[in-house]
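The values are calculated or read from the model by the stated rules, or taken from the named source; none is laboratory data. Model, not experiment: these values are computed from the prediction. We place every Cβ from the backbone using ideal geometry, glycine too, and count neighbours over all the protein chains shown.
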C-alpha cells in the first residue's frame, strides 16, 4: 500500500455546474485551451472512470512552467453529492514521498547532512540491521529504498480514523528499529540483504527520512515543508495532517463491496505519515511538479538547485529508481515521477524529462487496491490521455 504496485502498458487514445452524479462531469471539466472539445474528452474520461470504479477524479496536464489543461469529473463525497474540482484535496499515497525527499535534499544542499554519512548521529543512536550490525544506514539508502528497513508484518496495524496518529515519528522509530522496542518485529529488517546492496520498496524506510528532516531542522516536517516548499510554491492548502484542513474540501476515499456499491473508507491516518499521508489538490501538486520539471524553480520560487534535482533524477546504486523519483514507461517513453496507492486512493504524477510534458491525476477510487486488470487499464488510459494533452 501507499505505492503504485502495478502499471500495465499504457495505450494512447484519443466544469463548473450542478453536483455531479458518478459518471457525470464535475466542476472544472474541459478548462484547457481546447475547451470546445471538452464534451468528447468528458466522454472519454467518464467511460474509463466507470470501468475503473472511480467516484471522482481531478487532473492537470503541464508543459514546462505552464498548465496546459485542468479538469475534474465525478464526486468527492457521494453522500452529499459534492463534485470534484481541481481544488479538491486528495490523499496522495506514495506521491507524498517525493515531497519528503525534496525536504531532506534541501537540508543536504545547506550542508546539514551528507547523503552517504551514517544517520546515527542525527537519530542519537545506532540504527542498524541486526543481521548486519557493522553497516550503517545512510540518507541515500532511505531515499533509494536500499536501507534494508522493511514494512514489517505489523507496520499497517497503526491506522487510526478521523484523527492524526497520536504516535510521533520519533516514538515510532524509537520503537521500530531496535529489538525490544514497542513496535519492533524481526520482519522490520531485511534478514538476507545488507544495507546498500538490494532494492526493496519500503514505506517505513522512506518515512524515516521525514524524521531526519525534523531532527536536523528542529521543526515538524509539516512546518518545515510549509515554510520551504508549500508557501514558496503557493500550495496554500496542503498538509500531512488532517488537523487544520477543512474536511469539506477533502475527497472521501472509496472502495467497492461485493455488490458493486461504493463504500467510504473514511479519513484515516498513520504514524509514518511522510510516506503517504500528504493531502493536496491536483492544481497545487501540479505547481510542485512544474518546479521539479524546471530543475527546482517555478514562478520565482527556488526550492532546489539544478545539481540536486539531477542527482534525484539519476538511478541510484543498487536501486531501481532515483532519490524517491521512479521511472515509468508510457507509450515507449520513459517518464519520471511517482504513483500512490492506499485504501480508496489511486494517484499518479509523471513527466517526460526530454520534453517537460507531465500530468497529475488524483482519484478517490481503490483501483490499485482492487488489482483488477480491466480497471487498471482504464486508469492507465486516462494517464495516457493526460500526457497526450500535455504534449499537444
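Here are the numbers for the structure shown:
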read-out: Filtered residues of the stretch 55-68 (kept if in contact with a helix residue (DSSP H, G or I) (Cβ under 7 Å, 6 or more places away or on another chain) and surrounded by 24 or more Cβ atoms within 10 Å (Cβ to Cβ)); value: 57, 58, 59, 60, 61, 62
read-out: Options 342, 257: the member that is surrounded by fewer than 17 Cβ atoms within 10 Å (Cβ to Cβ) and under 30 Å from residue 163 (Cα atoms); value: 257
read-out: Test for residue 147: is it at pLDDT 95 or above, under 18 Å from residue 344 (Cβ atoms) and either buried (at least 16 other Cβ atoms within 10 Å of the Cβ) or within 23 Å of the chain's Cα centre (by Cα) (or both); value: no
read-out: Filtered residues of the stretch 335-390 (kept if assigned to a helix (DSSP H, G or I) and within 17 Å of residue 281 (Cβ to Cβ)); value: 386
read-out: Checklist (1) surrounded by fewer than 19 Cβ atoms within 10 Å (Cβ to Cβ); (2) out of contact with any strand residue (DSSP E or B) (no Cβ under 7 Å at 6 or more places or on another chain); (3) at pLDDT below 95; (4) under 20 Å from residue 353 (Cα atoms) applied to residue 300, failing item; value: (4)
read-out: Residue among 182, 186, 265 that alone is under 30 Å from residue 153 (Cβ atoms) and surrounded by 15 or more Cβ atoms within 10 Å (Cβ to Cβ); value: 265
read-out: Residue check, residue 36 modelled with pLDDT under 95, surrounded by fewer than 24 Cβ atoms within 10 Å (Cβ to Cβ) and under 23 Å from residue 288 (Cβ atoms); value: no
read-out: Sole residue being assigned by TED's automatic domain parsing to the domain that holds residue 268 and touching a helix residue (DSSP H, G or I) at 6+ places or on another chain (Cβ under 6 Å), chosen from 169, 89, 104, 142; value: 89
read-out: Filter result for residue 158 (on the phi < 0 side of the Ramachandran plot, modelled with pLDDT under 95, part of a loop (DSSP other than H, G, I, E, B) and within 20 Å of the chain's Cα centre (by Cα)); value: yes
read-out: Boolean, residue 76 is at pLDDT 90 or above, crowded, with 18+ Cβ neighbours inside 10 Å and within 17 Å of residue 360 (Cβ to Cβ); value: yes
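Listed here are the residues, each with its yes/no results for (1) assigned to a strand (DSSP E or B); (2) in the same structural domain as residue 208 (by TED's automatic domain parsing); (3) in contact with a strand residue (DSSP E or B) (Cβ under 9 Å, 6 or more places away or on another chain).
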site	(1), (2), (3)
248	no, no, yes
255	yes, no, yes
259	no, no, no
266	no, no, yes
274	no, no, no
288	no, no, yes
291	no, no, yes
308	no, no, no
